[in-house]
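The values are calculated or read from the model by the stated rules, or taken from the named source; none is laboratory data. All figures in this text were calculated on a predicted structure; none of them were measured in a lab. With ideal geometry, Cβ positions are generated from the backbone for all residues, glycine too; neighbour counts draw on all protein chains shown. Protein only, heavy atoms only, side chains kept; ligands, DNA and RNA dropped before computing areas. Shrake-Rupley method; radii C 1.70, N 1.55, O 1.52, S 1.80 Å.
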Amino acid sequence: MIYLILALVLIAVICVIAYFFCMAFLKLDTGNLDDMNNPANKPLSEHHEVIAKGIEYINSIEFEWVETVSFDGLKLMARYFNNNSDKTIFLFHGYRSSASRDFSCAVKMYLDFGFNILLVDQRSHGKSEGKLITFGVKESRDVVSWLEFVNKSFNPKKIIISGMSMGATTVLLSLNYKLPNNVVGVIADSGFTSPVDIIKLVAKKSMKINAGFFIPILNACCLLFGGFSLYKSNTIKSAKKSDLPILLIHGKADNFVPPEMSQSVFDERKENTEIFLVENAGHGLGFLVDTKGAMEKLDAFIKKCIQ
């Protein structure tokens, strides 16, 4: 009888781990996130009109689809907006999101700032290939692939890399690698500190469970099926490896990725690091809640980077 109970417990644990792995890491069909009527966009309801206008603007102006190949053989896609400039900004969107939605209000701003723009579909999103989302681990190496491609194809004098949510974690983790000398700054909006930290937080909030005991098993699945580890990536450590200027942005009312995660990066690095915390702003909404303040902060930071 005891063996049957143990077997049932083991099966239950395996089922929970398999469910969590699929829900967390597998690419899912989220529908068209650029359609503000998509139920997934309900949390953004207060800002639907301005986001929709931004997406419409992105689709109305000229761009070209460009592609590169990741270190592990995936075709990666991005939209390139040629502004006839010698400086380019890369934009990396968030987890199960879309580039147009996350940067709906940023594309025009950066064009007005005089940048060419690389608007990236992260692996396992949009037009880019991939079946697994790796919470910034492999995505951070994709940043390097895009830098190599853009430098070879367009040869800009200066590049800033920017990300939203998981995209923010992506660009911060890319600081683990030797980046080209023409990368002059990093903008990280609403990023989490590590895959382990965000998984523990979401499990506690959404499932009311302590994920600590099963993360080692989940990590084994990631190693086995995805070839990546949850334990080796941390934005605090990666940020401290680089002397590039970093601007951190975070909403103080973010109930998905707590602002303390950006604050911890700032507190541990401080030198050549700035942080802009926005009152009453939820996840990734700092720019929309305080557009004037965000634009002023971004403008000042960018001028410092490209001087």
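Once you list every other residue whose beta carbon is under 11 Å from the beta carbon of S60, what net charge do they have if Lys and Arg are +1 and Asp and Glu are -1?
Summing Lys/Arg as +1 and Asp/Glu as -1 gives 0.
How tilted is helix 2-25 with respect to the longest principal axis of the chain? Cα atoms for both, answer in degrees (0 to 90, nearest 10).
10
I want to check the label-to-label distance for C22 and S229. Put each point 7 Å from Cα in the C-beta direction and report it in nm to one decimal.
If labels sit at C22 and S229, their model points lie 2.8 nm apart.
Give me the percent of the accessible area of the range 80-125 that comes from carbon and sulfur atoms, probe 1.4 Å, all protein chains in place.
Roughly 38 percent of what the probe reaches on the range 80-125 is carbon or sulfur.
Using the alpha-carbon atoms, what tilt in degrees (0 to 90, nearest 10) does helix 259-269 show relative to the longest principal axis of the chain?
Helix 259-269 sits roughly 70 degrees off the main axis of the chain.
Given a 1.4 Å probe, how much area per residue of the range 172-307 is accessible, in Å²?
48
Based on DSSP H runs of at least 4 residues, each adding -39500 (n - 2.57), what is the mean residue ellipticity at 222 nm of the chain after dividing by all its residues, to the nearest 500 deg cm²/dmol?
Only helices count here, giving -12000 deg cm²/dmol.
Which value, in debye to the nearest 20, describes the size of the charge dipole of the chain about its Cα centre when Lys and Arg Cβ atoms bear +1, Asp and Glu Cβ atoms bear -1, and nothing else is charged?
760
By the gyration tensor of its Cα atoms, with a ≥ b ≥ c the square roots of the eigenvalues, what is the shape of the chain: rounded for a/c under 1.5, prolate for a/b over b/c, or oblate?
Taking the square roots of the gyration eigenvalues as a ≥ b ≥ c, the chain is prolate.
Using the alpha-carbon atoms, what tilt in degrees (0 to 90, nearest 10) does helix 48-60 show relative to the longest principal axis of the chain?
60
Please compare each pair in K42/K158; K204/K252; K53/K158; K131/K205; K108/K158 to a cut-off of 31 Å on the Cα-Cα distance and tell me which ones are over it.
Violating the 31 Å limit, Cα to Cα: K42/K158.
Please calculate how many Å² of accessible area the range 1-149 carries per residue, with a 1.4 Å probe and no DNA, RNA or ligand atoms counted.
Normalised by residue count, the accessible surface of the range 1-149 is 49 Å².
Can you list residues from other chains, or at least 5 along the same chain, whose modelled amide H is less than 5 Å from the amide H of I275?
L248
Can you list the HN-Hα couplings for the range 178-194, worked out from phi with the Karplus curve (6.51, -1.76, 1.60; θ = phi - 60°), rounded to whole Hz and with x for Gly and Pro?
7, 8, x, 5, 8, 7, 10, x, 9, 10, 10, 9, 6, x, 9, 6, 6
Using the Cα centre of the chain as origin and beta-carbon charges of +1 (Lys, Arg) and -1 (Asp, Glu), tell me which of F213, G284, L119 is placed farthest towards the positive end of the dipole.
Result: F213.
Label the range 246-291 by shape, choosing from rounded, prolate and oblate, from the square roots a ≥ b ≥ c of the eigenvalues of the Cα gyration tensor; if a/c is under 1.5 it is rounded, and otherwise prolate applies when a/b is larger than b/c, oblate when it is not.
Note, shape of the range 246-291 comes out oblate.
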